[in-house]
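Report on one structure; see the data block that follows.
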Amino acid sequence: MNPYQDYAEVIDSKNALQLKNGSPSVINVLDALNSWQLVKEASKALNKEVSTSFKHVTPSGVAVSKPLDEKEKQAYLINQDLSALASSYARSRGTDRLASFGDFIAVSHVVDKQTALLIKSEVSDGIVAPGYTQEALEILCGKKNGGYVIFEIDAAYEPQEIESRDVFGITVRQKRNNLVISDALLSNVVTSNAAISPQIKEDLKLGLITLKYTQSNSICVVNNGHVIGIGSGQQSRILCSGLALSKANVWYQKMLLDYSFLKNYTGLKRTDIDQIIEQKRQETFADKIILNQLPDSCLLSDGFFPQKDNIELAHKYGIKFIATPMGSVRDNEIIETANKLGITIINTGVRLFHH
């Protein structure tokens, strides 16, 4: 994990994770195993190609495959044709391109040439996928002067039900989190507005699966098959909400930015352009909340809300749907607040902590 830790090994008796290229770190392996579970499960639940951009064992973005509109192409620096799988990675990386610098990628399907070419243009540490076309593998093997980490994972592999880890010389064992995220978890609407469209259900399921593999406490914001903001690893849930909503707001600011200024910049690296775009965003919008102009955004929580402040903050950013387990002594107050603000709350009934 750190350069001075001079011993590490991976024990994989089923040969499920094959190293095709590069020299991985412990963090690369952890990212690969966590991110692969996310995209595999989301792809199965939604029947679409799914990609995630991972950093330090938690996602910075997750998205299903969808054609990019012109605003997305500009914001994500896309100037090439994209396959369905490539579009899902462009969207997941586009959630927060600054945070995704040096990411670890997971994709749900066999990597094709167009996806490999897109990845080649980005600063990334590695990838895990169920397979690669020969052309895609050759493209990726040439990345980072031949040192790009490439894992191929057996898509049919299923681990044992009980998992264990050693911490400070002590072994902890528990049953794996095998909860299936399905429509059944979205059936208990506790607010007066109970209308949930098929697209919202898909977004809610994508959000719940994302939280299942995000370091707790965690909150995420989803819109149109795209996790556009993630707040994780905070001890306070309101801090997680604030992080997720502010990141989603920054993403939407970049969607509405006028990119004509980029014609003044030529020959720069993509990472340099990302910095210039961020500076322009700050000059144009600063902290102005504009996410409330985007319809049908969903907010999801891996644990219950202890206070109504999370609901009030979500309303400030235009959130219309919230999925959360309930169990607070203030549940009635939270539901009353949501009804007053026109927010639909679904009680999932399940906590999704991940550590």
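Coordinate-derived values only; no laboratory data. These numbers come from a predicted model, not from an experiment. Here Cβ is always computed from backbone atoms with ideal geometry, including for glycine, and neighbour counts include all displayed protein chains.
Couple of notes before you dig in:
- Helices in the chain, meaning DSSP H runs of at least 4 residues, each add -39500 (n - 2.57). Divided by all residues, the mean residue ellipticity at 222 nm is -11000 deg cm²/dmol.
- Surrounding net charge for residue 16, when Lys and Arg each add one and Asp and Glu each subtract one, Cβ distance under 11 Å: -3
- Top of 132, 89, 259 by mean-square fluctuation, Gaussian network on the chain, Cα under 10 Å: 259
- The ranking of 54, 304, 261 from fewest to most other beta carbons within 10 Å of each one's beta carbon is 261, 304, 54.
- By the combined test of axial Cα extent (at least 18 Å) and Kyte-Doolittle hydropathy (mean at least -0.5), the qualifying DSSP H helices of the chain come to 26-46, 198-212, 237-255.
- When the Cα positions of 33, 157, 218 are compared along the charge dipole of the chain, 218 comes out farthest toward the positive end, with charges on each C-beta of Lys, Arg, Asp and Glu.
- Note on residue 138/residue 26: beta-carbon distance plugged into 1/(1 + (r/R0)^6) with R0 of 35 Å gives a FRET efficiency of 0.80.
- Sequence of 348, 214, 337, 284 once ranked by neighbouring C-beta atoms within 10 Å, starting from the fewest: 284, 337, 348, 214
- Fewest neighbouring Cβ atoms within 10 Å first, the residues 220, 141 line up as 141, 220.
- Rounded to the nearest 5, the antiparallel percentage of DSSP beta bridges internal to the chain is 65%.
- Applying 1/(1 + (r/R0)^6) with R0 = 30 Å to the Cβ-Cβ distance of residue 4 and residue 161 gives a FRET efficiency near 0.25.
- For segment 136-224, the list of chymotrypsin sites (Phe, Trp or Tyr not before Pro) that fall in a loop by DSSP and count at most 15 other C-beta atoms within 10 angstrom reads 157, 168.
- Summarising the overall dimensions of the chain from its C-alpha atoms, the Rg and Dmax are 20.2, 58 angstrom.
- D (Stokes-Einstein, µm²/s), Kirkwood Cα radius, segment 265-347, 0.692 mPa s at 37 °C: 220 µm²/s
- For residue 48, net neighbour charge (Lys/Arg +1, Asp/Glu -1) across residues whose Cβ lies under 13 Å away: +1
- Most mobile listed residue (191, 133, 171) in the chain, GNM with C-alpha springs under 10 Å: 171
- Peptide ranges 306-319, 116-129, 240-253 listed from the most packed, as the mean C-beta count within 10 angstrom indicates: 240-253, 116-129, 306-319
- Between 195, 323, 338, the residue with the greatest mean-square fluctuation in the GNM of the chain (Cα pairs under 10 Å linked by springs) is 195.
- FRET E, pair residue 256, residue 170, Förster distance 45 Å, beta-carbon r, rounded to 0.05: 0.30
- Global form of segment 17-156, assessed from the alpha-carbon gyration tensor, a/c cut-off 1.5: rounded
- Under the convention that each Lys and Arg Cβ holds +1 and each Asp and Glu Cβ holds -1, the size of the dipole of the chain around its Cα centre is about 440 debye.
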